[in-house]
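Taking it in order: structure first as structure tokens, then the write-up.
The values are calculated or read from the model by the stated rules, or taken from the named source; none is laboratory data. Treat the numbers as computed from the prediction; the structure is a model and nothing was measured. Ideal geometry is used to build each Cβ from the backbone, glycine not excepted, and the neighbour counts take in all protein chains shown. Surface areas here come from the heavy atoms of the whole protein model, side chains and all, with no ligands, DNA or RNA. Shrake-Rupley method; radii C 1.70, N 1.55, O 1.52, S 1.80 Å.
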Amino acid sequence: MSASPSRPRVLVVSNRLPFSVQRTDKGVELVRSAGGLVSALSGYLERRKTEQPDVEFVWAGWSGADLSAEETEQLRDAAREQHGAYPLSLDSADMDSFYHGFCNGTLWPLFHYFPSYATFEERDWETYRRVNQRFCDELAALVRPGDEIWIHDYQLLLLPGLLRKLLPDASIGFFLHIPFPSFEVFRQLPTRWRGELLQGVLGADLMGFHTHDYAQHFLHSVFRTLGYEHYLGRINFDGALRRVETFPIGIDYARFSQAAASVEVVETRARMAAGLAHRKLIFSVDRLDYSKGILHRLRGFEAFLNEWPEYVGKVTFVLLVVPSREQVARYQRMKQELDERVGEINGSFGTVAWVAIVYQ
């Protein structure tokens, strides 16, 4: 990254970069991602850039694409110019196994209190360790003295500790974008894995969680697994003081508020209202995931129509579901069940002039 050595930098590190890569006739094209982490951080970072124009922000992560040497150079130039980003060179086969294995086969269900969905495979754990080490190796060439390193989410729990061993004086922060479960759930991980994950996170100077409960669950797990006590969220670990704090995160309110008042949205809303013919509209949008309660929502809507039949034909449920982790068997089964459930409800209540659920 070309920049003045004296200019302070913040390195934002996540599993994926804030864009996806598409091949075109002109080369590679970058399309902004719509993931939760990107949505949460983009507005915040834009504000930070405005408030601190003297600070350089560099977002490092995997591009998600397998590219030729020429395409890789194009990507790095475009990523730097358009997003201030630095794509890391990672093996796509390893990343696929890492993402669909330990990340989303073990950590995601366990941390969201679905332990019966979690798998505990040694090969997945080894891939997770290997990819975190690869992130560390790649970042070693990018980090320079004085950088602040801000690591994000459950895919990189080991990375703060790995970087700390390599760069003992570095300023490192970590934020978890999902729940941290109670120790009764976390302890279902093998003891060795638990210890390494917690020591990895404790490599950061500052660890952030969404809520007070999540922070307390983490501190309790540290004590029960590693034996380190805390005082008001401060832990003396490895000869240094580590801080655990709560940082609630939300949406960019101004952006959504302005969008709702835009001419395009107002016109679309008016067209929809005219087409509904005074029907009530329920709208939900979610990523396809068992933690979102989509099937429960459908069952609730079905129960409502059964209990209040006078509303049949007067209310429509618009259900927008964004595909997710389509290679994971659990998600494939959920999509099948969702498709079938929508068909059953529409078949039971629908008429020639009205359907209960508009499903996209």
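For the reader, a short list of remarks on this structure follows.
- Candidates ARG16, ARG23, filtered to the one that is open to solvent by 20 Å² or more (accessible area, probe 1.4 Å), among the basic types (Lys, Arg) and under 23 Å from HIS177 (Cβ atoms): ARG16
- Taken over region 110-123, residues that are surrounded by fewer than 20 Cβ atoms within 10 Å (Cβ to Cβ) and in a helix (DSSP H, G or I) amount to 5.
- Qualifying residue in region 137-153 (condition: at negative phi, of a type in the set (A, V, I, L, M) and without any contact (Cβ under 8 Å) to a residue 40 or more places away in the chain): yes
- Condition met for SER324 (assigned to a loop (DSSP other than H, G, I, E, B), under 24 Å from HIS100 (Cβ atoms) and either among the β-branched types (Val, Ile, Thr) or touching a residue at least 24 places away in the same chain (Cβ under 8 Å) (or both)): yes
- Cβ separations smaller than 6 Å between residues 6+ apart or across chains give the following pairs from region 248-262 residues that are closer than 19 Å to THR211 by Cβ to residues that are part of a helix (DSSP H, G or I) and open to solvent by less than 100 Å² (accessible area, probe 1.4 Å): ILE249/ALA40.
- Of the set (1) more than 27 Å from SER324 (Cα to Cα); (2) assigned to a helix (DSSP H, G or I); (3) in contact with a strand residue (DSSP E or B) (Cβ under 9 Å, 6 or more places away or on another chain), all apply to MET95 but (1).
- Contact map, region 295-311: residues that are more than 11 Å from ILE282 (Cβ to Cβ) paired with residues that are of a type in the set (Ser, Thr, Tyr) and open to solvent by 50 Å² or more (accessible area, probe 1.4 Å), Cβ distance under 8 Å, separation 6+ or inter-chain. Pairs shown: GLU302/SER348; LEU305/TYR311.
- Hits in region 261-315 - residues which are among the small types (Gly, Ala, Ser) and modelled with pLDDT of 95 or more: GLY300, ALA303
- Condition check for LEU202: in contact (Cβ under 8 Å) with a residue 24 or more places away in the chain, crowded, with 18+ Cβ neighbours inside 10 Å and either closer than 26 Å to GLY35 by Cβ or of a type in the set (D, E, K, R) (or both): no
- Index of the failed condition, ASN236 passing every other in (1) in contact (Cβ under 8 Å) with a residue 24 or more places away in the chain; (2) assigned to a strand (DSSP E or B): (1)
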